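A short write-up of the structure that comes next.
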Amino acid sequence: MPKNAAFTRALLPFCLLLCLAGICLLGCKKKNPHAEETVVFKPEPISPEDTIKYPNALITTLNRKNKWVDSVFRRMTPDERITQLMMIEVFSNKGPAHEEDVLRLIRQYKVGGLIFFQGGPIRQAKMTNRLQAASKIPLWIGMDAENGIGMRMDSAMQYPLPMLLGAINNDSLIYQMGAEMAFEFKRLGMHLNFAPVIDVNNNPHNPIISYRAFGENKDDVSSKSLAQMMGMQDNGIIATAKHFPGHGDTDVDSHYDLPVIPYGRNRLDSLELYPFRHLIQSGVGGIMVGHIHLPKLDSTANLPASLSKPIVTDILRKELEYSGLIFTDAMVMKGVTKYFKPGEAEVMALEAGNDVLERLVSVPQALQAIKAAIRQKRLSQKEIDRRCRKVLAAKYWVGLNKYKPIVLDSLYRDLHAPHAHEMLRRLSEGSLTLLQNKRKMIPLEDKKRRTVASLAVGGTKPTFFQKQIKNKLTTKDFFLPRRTTKKDLEKLRKELLKYDLLLISIYGPSIRPSNNLGFSPQERALVNELIRKKRSVVVLFDNAYTLNRFEDVNQATALVVGYQQLPAVQAAAARLLTGDLTPQGKLPVTVNAQFRYGDGL
């Protein structure tokens, strides 16, 4: 089969949907030909007999009789049925001692699954084969890979994060990204992605969601997260929507403390729960419950939603009629451990109605506490068995009933396929958002008598953008690193003020977006002064909210938001500035009074 044939075949259901949509549009009243079109995903009815073809088939599989599930379940001890509900963290870069610890938990306690974090593809594939070989029942393997496996490992492609995707008007590109992510997951022997993030980020000060959300508009979040979810599940990977019932409006990071969400049902129904309802109707396989406290839904002191029966069972399971897999967020996070001890926390999570416990502090402690809770009749073995069967059914859906080791040959090449790079280019180009273009500064022309300085704010050597812009413009490169001395700041200031035009590209401290960029007041003051005094084109390769770090940025002659510093985004920005691209992106969030949701020239 040709290399791209499997990928093309995987997209057939989606193509059929587009064809049907086109047929329907032919019979509709003609619209304004100049009106902007946006591809929006809607749930569609399915046949109960379908097992892989449509996303709702996953929910059907989880809740019906299955011969393979029955045969595996009958061979399990009561303890193994409990530990089948546990997923433990694994790193492929922590060496032999760590791997031995994981092997011990697999052999001795028969845990149900793994969650991979840092490492590399080849190392992870080899480790996966060894761990699977040691397991009595095939392990299901997940990763918290919101923007692809490159989010967690080296030597792998990194796709855009949701804020950038939120700026794109064509959701079919996001579907394709989900399909690419599914291909990479399957190639690495993984089955479950803890994505998409469907929190509505309407709090600019949110330290944990922010750029991980598609934006502040509930319809955008619903449509774009559905596209990503369908891309994954249409191609055999379970998607997990998070963080129920909504983590977008908080200024506390649940990794370090317990955020409090003060709102009641009226607000939640109108905003936070909207994307969850949408994805539930469309068959999302998993939902992760966040470690966030909602006192108006459950007044128990310091109780996170993940441990709350009124939230997990009464609202999610019963009221929203969700019959898919319910996961806790990581049980090692301070949002849980600050107030509840290991073991007791896992018991409470199961009492609340969760199916799967993720990243436990201690498997032995959790197992003993759960067994004691069954003896005390806080939990029932019957309910444990029901959830165990559901986990086994999920393993059947992802193909673990026919488990095969990962083939190592050509693994690196397969994870860097040309069609994936092309898709990344299209995503990057479609997201660029032009917020200002005074005097029609863009597109820039290479004028003989005009001197142009290209300043990388946060850079220490020529950036990809600076290199690309030289294809069309004559520029001289300058750099403003973090922790620049006062003497060097003044020297740089005097030099830059001599130029006719400044290209100011702004970078965060790492390839992942940041919340404050990390520049000193003196460094920010220099950037503000340059924007005020000179003709300037500013390009931000970071979180859109960080525009607020420069109070005079609205005085820039031209302003472009790129959202991330991925090389594909930097290359696209250079092409936009020189007229080879038309800007298409829209701000997915409100930054301040000048730059609001939906802005984009």
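The values are calculated or read from the model by the stated rules, or taken from the named source; none is laboratory data. Since the model is a prediction, treat every value here as computed from it, not as a measurement. Cβ coordinates were reconstructed from backbone atoms using ideal geometry, including for glycine residues, and neighbour counts include every protein chain displayed.
Values computed for the structure shown
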quantity	calculated
Boolean, Asp249 is of a type in the set (Asp, Glu) and either in a loop (DSSP other than H, G, I, E, B) or free of Cβ contacts under 8 Å to residues at least 60 places away in the same chain (or both)	yes
Residue in the stretch 440-462 that is modelled with the lowest pLDDT, counting only those that are among the hydroxyl-bearing types (Ser, Thr, Tyr) and closer than 18 Å to Thr484 by Cα	Thr460
Any hit, the stretch 548-566, residues being crowded, with 19+ Cβ neighbours inside 10 Å, part of a helix (DSSP H, G or I) and of a type in the set (A, V, I, L, M)	yes
From Thr460, Thr475, Thr433, Thr451, residue being surrounded by 21 or more Cβ atoms within 10 Å (Cβ to Cβ), closer than 30 Å to Arg524 by Cβ and of a type in the set (S, T, N, Q)	Thr433
Where Asn206 falls short, out of the listed (1) at pLDDT below 95; (2) buried (at least 24 other Cβ atoms within 10 Å of the Cβ)	(2)
Filter result (buried (at least 19 other Cβ atoms within 10 Å of the Cβ) and either among the polar types (S, T, N, Q) or not in a helix (DSSP H, G or I) (or both)) within the stretch 380-400	Val398
Scope the stretch 401-421; condition closer than 15 Å to Ser135 by Cβ and surrounded by 12 or more Cβ atoms within 10 Å (Cβ to Cβ); matching residues	Asn401, Tyr403, Pro405, Ile406
Residue in the stretch 465-472 that is of a type in the set (S, T, N, Q), under 25 Å from the mean Cα position of the chain (by Cα) and either under 30 Å from Ile149 (Cβ atoms) or surrounded by 13 or more Cβ atoms within 10 Å (Cβ to Cβ) (or both) present	no
Condition check for Leu501: touching a residue at least 24 places away in the same chain (Cβ under 8 Å), in contact with a helix residue (DSSP H, G or I) (Cβ under 6 Å, 6 or more places away or on another chain), of a type in the set (A, V, I, L, M) and over 30 Å from Ser210 (Cα atoms)	no
Hey, Pro196 modelled with pLDDT under 95 and of a type outside the set (Asp, Glu) or not	no
Residue within the stretch 59-75 that is under 15 Å from the mean Cα position of the chain (by Cα), under 30 Å from Pro588 (Cβ atoms) and either hydrophobic (A, V, I, L, M, F, W, C) or surrounded by 20 or more Cβ atoms within 10 Å (Cβ to Cβ) (or both) present	no
Long-range neighbours under 9 Å by Cβ, at least six apart or interchain, first residue free of Cβ contacts under 8 Å to residues at least 12 places away in the same chain and assigned by TED's automatic domain parsing to the domain that holds Asp154 within the stretch 407-421, second surrounded by 13 or more Cβ atoms within 10 Å (Cβ to Cβ) and part of a helix (DSSP H, G or I)	Val407/Ala125; Val407/Arg187
Set Leu435, Leu492, Leu427: member being in a strand (DSSP E or B) and of a type in the set (A, V, I, L, M, F, W, C)	Leu435
Elements of type helices (runs of 4 or more DSSP H) contained in the stretch 265-361, each with 2 or more residues being in the same structural domain as Asp144 (by TED's automatic domain parsing) and in contact with a Pro (Cβ under 7 Å, 6 or more places away or on another chain)	273-281, 334-337
